[in-house]
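The values are calculated or read from the model by the stated rules, or taken from the named source; none is laboratory data. Note that the structure is a prediction, hence the values are computed from the model and not measured. We place every Cβ from the backbone using ideal geometry, glycine too, and count neighbours over all the protein chains shown. Quick note on the areas: whole protein, heavy atoms, side chains included, nothing else; ligands and nucleic acids left out. Shrake-Rupley method; radii C 1.70, N 1.55, O 1.52, S 1.80 Å.
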Amino acid sequence: MTSVTGAVAPSAPARAASWWRHDLLLLPVLGLLDLFTASSVVIQSEPVGPARQWLQVLAAVLSVGALWWRARAPVAVFAFECVHGAAMWFLLHDYRPWVGLIVALYTVAALRPLVVSAAAYTAACARSLLSAFDSFRVEPSPGARAGEFVVTALMFALIYAAAWTAGSVVRRHRRRVAQLERERRVARAEAVALERRRIAAELHDVVSHSVTVMVLQAAGAARISASDPERTREALLHIQQAGQQAMAELRRLLAVMRAESGPAVDGEPGPQPRLDDIEVLLTSMRCAGLTVTMSVSGSARPLDPSIELAAYRTVQESLTNTLKHVGRRACATVHFGWQERVLLLRVDDDGTGRDPGAAAGLSTGNGLASLAERLERVGGRLVAGPRPEGGFRVSATLPVAQRGDLVAASGDGGAPAVG
């Protein structure tokens, strides 16, 4: 079966281990950034006692340490950062944390729906009003205080907007990747199902024809074993030949399956049946007791190998159905009508000489449906049904290669001559 490969997603433990290693490097850097830019531990405008410095360091560790859980509970971590920042504004006037809030907002935008992330952005902007009020309070010029308040609030709004936008872009990218992964899985399932149907059709064609011929020959040999030993011997020989042919086709099919799933064990797969093999097929049917004639009109043209196989299987399935449902005394005709763009293939039986016990119970009920699907895959069409004058007709229309497509084919000997 066709092998469909793709990148293997890492397991949950592997993703968690990678995340932890990433955070072990990232979080200390974020903590130092927060202390350098938002506290009086490093940059002091006035003397700060050791107790206040250690309180600021502890507050920074709490703020950045909470980010460890941001991927598991992004909204809860964001809420903690908002409350933590507001509490620090009231309790520690020398420390105004902002790094943790930005990272938490980015995470919410990346992992949660748009409505949730938009609400988080609004909450972050509301918390930035505290920093804007600080700017308003420390501005020495009364006339410039309003401007400082607006500029600070707008600055934080833009910073939070950048974090929110980056997270939203990541979320859309992840959704797109997830969608592509779902489509890949669906395409893989469809490819596997199509391959299974193709192999089932091949197995049906091989087994149904050979088993039908063998059963009919065995039934005939059983009836004449006492009265005509020579004909019994011929029937047994035909059974042997049909079994050998079935085994050869099954080996070819298994070789194709091995070649598609990995290196072949027994060498290259054998050739597919071609229209050159039609006469061998008709001889097998005649040996089973069916009267078969063939006619050809028009000039034979090159066919794509898949179309040629479909034509062969059409004749095989049609004549096998005649043996199953009518019996060995039936008469069948096979006609190949070559036209400019299509090959019209018709198989008729007269419906007479019905043998009630011939091959009853051998039909799977899926032969013609599988055959119609095979023809559709190569651009053909199948019509099957009773004839007005009696009997049954199977008609197939198959595309023929055009003259411009025959340059390469003409070097290979052109179309096989039928009849």
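Sorting the Cα pairs of segment 71-151 by distance into bins of 10 Å, from 0 upward, gives 19, 41, 28, 11, 1 percent per bin. Remark: spin-label model distance Leu129-Val29 equals 3.5 nm, labels positioned 7 Å along the Cα→Cβ axis. Largest accessible area first, the listed residues His238, His173, His325, His84 line up as His173, His325, His238, His84 when surface is computed with a 1.4 Å probe on the assembled protein chains. If R0 is 60 Å, what FRET efficiency do you get for Ala87 and Met247 from their C-beta distance, rounded to 0.05? Taking R0 as 60 Å, the efficiency between Ala87 and Met247 is 0.15. Note on surface exposure: Ser227, Ser63 rank Ser227, Ser63 by accessible area, highest first, 1.4 Å probe. Binning all Cα-Cα separations of segment 94-190 at 10 Å, short to long from zero, yields these whole-percent fractions: 16, 33, 23, 14, 7, 4, 2, 0. Once all protein chains are placed together, Thr291 keeps about 70 Å² accessible to a 1.4 angstrom probe. Using a Förster distance of 60 Å, how high is the FRET efficiency between Arg184 and Asp228, based on the Cβ-Cβ distance and rounded to 0.05? Plugging the Cβ-Cβ distance into 1/(1 + (r/R0)^6) gives 0.45. Accessible surface comparison of Phe78, Phe133, Phe90, probe 1.4 Å, protein chains only, largest first: the order is Phe90, Phe133, Phe78.
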